[in-house]
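First the structure, in the form of structure tokens, and then the observations on it.
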Amino acid sequence: MSLPEALLWNLLRGSPEGVSIRRQHSFGPYVLDFYCPQAKCAIEIDGIAHDMGDRPQRDALRAAWLEEQGIAVVRVPASEVLKSAQDVAEGIVRYCKR
């Protein structure tokens, strides 16, 4: 787990506001950074590696597959988590509660 993921997990564990979040959740052939089963939402934390090589294409294929399975994909830049993990966690909880 990367530093941004660990910071976020510290805020999301324990079902904040009744929203259950799982970390490193297996779904089909993929492992999702975070998953909210209530909202059917995958939350992916994207560091700089996601901009390199074939990663953008792989991420797009992965997102398309997940969306075909009825899973919404929310991508969050790791830099935003490092700036304010609290703000990102609150945004994720709000999104999952909608």
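The values are calculated or read from the model by the stated rules, or taken from the named source; none is laboratory data. Because the structure is predicted, anything quoted here is derived from the model rather than measured. Ideal geometry is used to build each Cβ from the backbone, glycine not excepted, and the neighbour counts take in all protein chains shown.
When Gln86 is tested against the conditions (1) exposed (fewer than 15 other Cβ atoms within 10 Å of the Cβ); (2) touching a helix residue (DSSP H, G or I) at 6+ places or on another chain (Cβ under 7 Å); (3) farther than 16 Å from Arg13 by Cα, the lone failure is (3).
Can you tell which of Leu3, Leu66 is aliphatic (A, V, I, L, M) and touching a strand residue (DSSP E or B) at 6+ places or on another chain (Cβ under 6 Å)?
Values: Leu3 fails: touching a strand residue (DSSP E or B) at 6+ places or on another chain (Cβ under 6 Å).
Only one candidate passes the filter, namely Leu66.
Could you go through the stretch 55-72 and let me know if any residue there is of a type in the set (Val, Ile, Thr) and at pLDDT 95 or above. Checked the stretch 55-72: at least one residue is of a type in the set (Val, Ile, Thr) and at pLDDT 95 or above. The number of residues in the stretch 89-98 being closer than 16 Å to Phe34 by Cα and surrounded by fewer than 12 Cβ atoms within 10 Å (Cβ to Cβ) comes to 1.
Looking at this structure, is Arg55 crowded, with 17+ Cβ neighbours inside 10 Å and of a type in the set (Lys, Arg)?
On the way: crowded, with 17+ Cβ neighbours inside 10 Å: no; of a type in the set (Lys, Arg): yes.
Answer is no for this residue.
Taking the stretch 64-76 as the range and being crowded, with 17+ Cβ neighbours inside 10 Å and either touching a Pro at 6+ places or on another chain (Cβ under 9 Å) or of a type in the set (Gly, Ala, Ser) (or both) as the test, only Val76 passes.
Report the residue count in the stretch 81-98 for those that are in contact (Cβ under 8 Å) with a residue 24 or more places away in the chain and either assigned to a helix (DSSP H, G or I) or within 24 Å of Tyr30 (Cα to Cα) (or both).
Residues flagged as in contact (Cβ under 8 Å) with a residue 24 or more places away in the chain and either assigned to a helix (DSSP H, G or I) or within 24 Å of Tyr30 (Cα to Cα) (or both) within the stretch 81-98 amount to 11.
Only residues that are of a type in the set (A, V, I, L, M) and surrounded by 19 or more Cβ atoms within 10 Å (Cβ to Cβ): list them for the stretch 20-52, please. Quick ask: steps written out before the conclusion?
Looking only at the stretch 20-52, we keep the residues that are of a type in the set (A, V, I, L, M), and these are 21, 31-32, 39, 42-43, 45, 48-49, 52.
Ile21, Leu32, Ala39, Ala42, Ile43, Ile45, listed by residue number.
At least 1 residues being among the small types (Gly, Ala, Ser), in contact (Cβ under 8 Å) with a residue 24 or more places away in the chain and within 17 Å of Ile92 (Cβ to Cβ) is the threshold, and among the strands (runs of 3 or more DSSP E) wholly inside the stretch 1-80 those reaching it are 41-46, 72-77.
Hey, can you tell me all the residues within the stretch 68-80 that are within 15 Å of Tyr30 (Cβ to Cβ) and charged (D, E, K, R)? Give the steps one after another, and end with the answer.
To start, the set of residues in the stretch 68-80 that are within 15 Å of Tyr30 (Cβ to Cβ) comprises 68-75.
Glu68, Arg75, listed by residue number.
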